[in-house]
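K.L.:
I'd like to ask you about the structure that follows.
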Amino acid sequence: MEIKQIPLNDLHVKLGGKMVPFAGYNMPVRYSSDIEEHMAVRKGVGVFDVSHMGEFKIEGPQALDLIQRVTSNDASKLVDGQAQYSCLPNENGGIVDDLIVYKIKDNDYLVVVNASNIEKDWNWISKFNTKGAAMKNISDDICLFAVQGPNALATLQKLTGTDLKNIKYYHFAIGEFAGVKDVVMSNTGYTGAGGFEIYVNKQYAEKIWNAIFEAGKEFNIKPIGLGARDTLRLEMGFCLYGNDIDDTTSPLEAGLGWITKFTKDFTNSANLKNQKENGVKKKLVGFKMIDKGIPRHDYQIKDASGDVIGKVTSGTMSPMLSVGLGLGYVSTENATPGSEIFIDVRGKALRAQVNKLPLV
């Protein structure tokens, strides 16, 4: 498979970014060290170039109907300028992808999907587009910068007349930013550190990137790679598609019941409703290590008797806590916060405790 390049690829190389293939794209995994970049976001401000993400426009009188039929959350509740976390359930109880639905105005929506699933999601949504909503895949035209951290607001406010502090969490505004018109400024992110995601046409990408770094100079702004993105989202317990959720995990098992609304019919809703009523056999939980050790993807999770009760889906050493932490599926009876579980790290059963999310 040919590896694609994001528009600012050469800039990241120049900045010292270590480029690796990720989700079909050449992406910066780190510029300095994962820990340094992680702390820059938690304590200051950092910028992720996540232009590999996919964006679809869904428009016209049938747009909402299509979104309602393919997504689990209730998009009819959205007001103009509001975003909603949701997922695309498949027909067998699993998840095609998780995504964000942006309502620009009536009959005008933007759907943001994971980079690895752009083609898969496009085909899936198209399959249900039987009433003629206008769909357009604009993924290759859009650059996306996630500016995250406690100093993100002060940095970005210098570049726009839009009052950013009035944009509530999971809301957005469209306006002039760094002299460029029609920029989407969204109070969303994947770090739990606060901040905004900036969507801009790729022709203005370098101009916007440079303006953000100039504005953030006084806060020691840093470019941040995928390595720190992973440790940041794990401290919050945010799911990563392909690790913690996939075609075989149900949204209810994954703790995504809150985005699964049975006030409408959607793909496989009857079966999922049944699952909600009867309970699930396994649940995605967050955990922290008690013994010294780092949990990793696919490590077995055991109970005190040594029986396998699940597996780790994501794990890392937390830069904030300096302990191993992770996410994993365990049998429901072991999923209560406070439960002791054991992670099999290279043949050793290390103690861990199930924790409420976020983990930090």
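K.L.:
Kindly state which helices (runs of 4 or more DSSP H) lie completely within the range 126-242 and contain at least 1 residues that are of a type in the set (Asp, Glu).
P.N.:
Those helices (runs of 4 or more DSSP H) span 205-215, 226-236.
K.L.:
Here's a follow-up. Identify the single condition in (1) over 23 Å from residue 359 (Cα atoms); (2) buried (at least 16 other Cβ atoms within 10 Å of the Cβ) that residue 265 does not satisfy, given that it satisfies every other one.
P.N.:
Of the numbered conditions (1) over 23 Å from residue 359 (Cα atoms); (2) buried (at least 16 other Cβ atoms within 10 Å of the Cβ), the odd one out for residue 265 is (2).
K.L.:
Just checking, which of 319, 337 is surrounded by fewer than 22 Cβ atoms within 10 Å (Cβ to Cβ), closer than 23 Å to residue 42 by Cβ and within 26 Å of the chain's Cα centre (by Cα)?
P.N.:
319
K.L.:
Mind listing whichever residues of the range 243-267 are out of contact with any helix residue (DSSP H, G or I) (no Cβ under 8 Å at 6 or more places or on another chain), over 22 Å from residue 66 (Cα atoms), assigned to a loop (DSSP other than H, G, I, E, B) and hydrophobic (A, V, I, L, M, F, W, C)?
P.N.:
Residue satisfying the conditions is 254 alone.
K.L.:
Still on this structure, please answer the following. From (1) under 18 Å from residue 64 (Cβ atoms); (2) crowded, with 20+ Cβ neighbours inside 10 Å; (3) in contact (Cβ under 8 Å) with a residue 40 or more places away in the chain, pick out the condition that doesn't hold for residue 132.
P.N.:
For residue 132, the exception is condition (2).
K.L.:
Sticking with this structure for a sec: Just for the range 340-351: of the residues that are among the charged types (D, E, K, R) and more than 23 Å from residue 230 (Cβ to Cβ), which one is surrounded by the fewest Cβ atoms within 10 Å (Cβ to Cβ)?
P.N.:
Out of the qualifying residues, it is 348.
K.L.:
Right, here's the next one. Does any residue in the range 68-84 that is in contact (Cβ under 8 Å) with a residue 24 or more places away in the chain come within less than 7 Å, Cβ to Cβ, of a residue that is among the aliphatic types (A, V, I, L, M) and part of a helix (DSSP H, G or I) six or more places away or on a different chain, and which pairs are these?
P.N.:
Note: pairs meeting the criteria are 68/75; 70/125; 72/259; 73/259; 75/64; 75/67; 76/64; 84/75.
K.L.:
If you don't mind, another one. Quick one: in the range 184-219, which of the residues that are in contact (Cβ under 8 Å) with a residue 24 or more places away in the chain and of a type in the set (D, E, K, R) is farthest from residue 230 (Cα to Cα)?
P.N.:
207
K.L.:
Going by what's in this entry, would residue 45 be described as over 23 Å from residue 107 (Cα atoms) and either surrounded by 19 or more Cβ atoms within 10 Å (Cβ to Cβ) or not assigned by TED's automatic domain parsing to the domain that holds residue 252 (or both)?
P.N.:
Yes: the conditions hold for residue 45.
K.L.:
Checking the structure you have, find out if any residue of the range 277-285 is in a strand (DSSP E or B), over 29 Å from residue 35 (Cβ atoms) and β-branched (Val, Ile, Thr).
P.N.:
No, the range 277-285 has no match at all.
K.L.:
Among the residues of the range 251-262, count how many are surrounded by fewer than 20 Cβ atoms within 10 Å (Cβ to Cβ), out of contact with any Phe, Trp or Tyr (no Cβ under 7 Å at 6 or more places or on another chain) and of a type in the set (Val, Ile, Thr).
P.N.:
The total comes to 0.
K.L.:
In the range 221-250, which residue that is closer than 27 Å to residue 178 by Cα and out of contact with any Gly (no Cβ under 6 Å at 6 or more places or on another chain) is surrounded by the most Cβ atoms within 10 Å (Cβ to Cβ)?
P.N.:
Selected residue: 228.
The values are calculated or read from the model by the stated rules, or taken from the named source; none is laboratory data. As the structure is a prediction and not an experimental result, all values here were calculated from the model. Ideal geometry is used to build each Cβ from the backbone, glycine not excepted, and the neighbour counts take in all protein chains shown.
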